[in-house]
């Protein structure tokens, strides 16, 4: 059983790399099998089709995203401001860990409209879970005069836009910021800090 799981994980790791570099249409199961060190027949034994491999990888990435972001936004014992900061940081850290994922997802949804429904099924419940509670808290804070009144869905779009843009547009950003992007770790640390401060200034009084 352990050997079977090891081979399955090797296939998934190889497939993820293949998808990220070539896209779904360009990815080949023969190449995935070779990179994973298994036969093509064995790959089909485990997953049956390229679509099944893709959905398995996508589900896992969305599970990890949900886990990291929801834990931050819903962490008990912290103020609303602290949870917002942690939520922004957790989302940024997730994207930094999988920098090719946003561009890949956007390309897939644009080129294959049927992916939109899958995205809605995977991301919709997480988005609703986060926004429902936050909207109530922000409304209460606005009633007390602690922050500006806002639609939390727009706030979440601000967070996603700021965090994702740096990774989707990195080929454009690098020649613009020069040596700032050379040290990727430093760039990410500074960018995350800037994104947090931009969002918190958006809330103003909070």
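Here's a check for you: in the range 36-58, which residue that is in contact (Cβ under 8 Å) with a residue 12 or more places away in the chain and more than 26 Å from residue 112 (Cα to Cα) is nearest to the chain's Cα centre (by Cα)? Applying the filter and picking the extreme gives 36.
If the condition is being closer than 23 Å to residue 117 by Cβ and surrounded by 14 or more Cβ atoms within 10 Å (Cβ to Cβ), then the range 13-35 contributes 15, 16, 19, 20, 23, 24, 27.
So is residue 202 touching a helix residue (DSSP H, G or I) at 6+ places or on another chain (Cβ under 7 Å), in a helix (DSSP H, G or I), within 19 Å of residue 86 (Cα to Cα) and at pLDDT below 90 or not? For residue 202, the condition - touching a helix residue (DSSP H, G or I) at 6+ places or on another chain (Cβ under 7 Å), in a helix (DSSP H, G or I), within 19 Å of residue 86 (Cα to Cα) and at pLDDT below 90 - is met. Across the range 170-183, the qualifying residues are those that are touching a helix residue (DSSP H, G or I) at 6+ places or on another chain (Cβ under 9 Å) and surrounded by 11 or more Cβ atoms within 10 Å (Cβ to Cβ), and the one among them that is nearest to residue 106 (Cα to Cα) is 170.
The values are calculated or read from the model by the stated rules, or taken from the named source; none is laboratory data. These figures come from a predicted structure and were not determined experimentally. Every residue, glycine among them, receives a Cβ derived from its backbone with ideal geometry; neighbour counts consider all protein chains shown.
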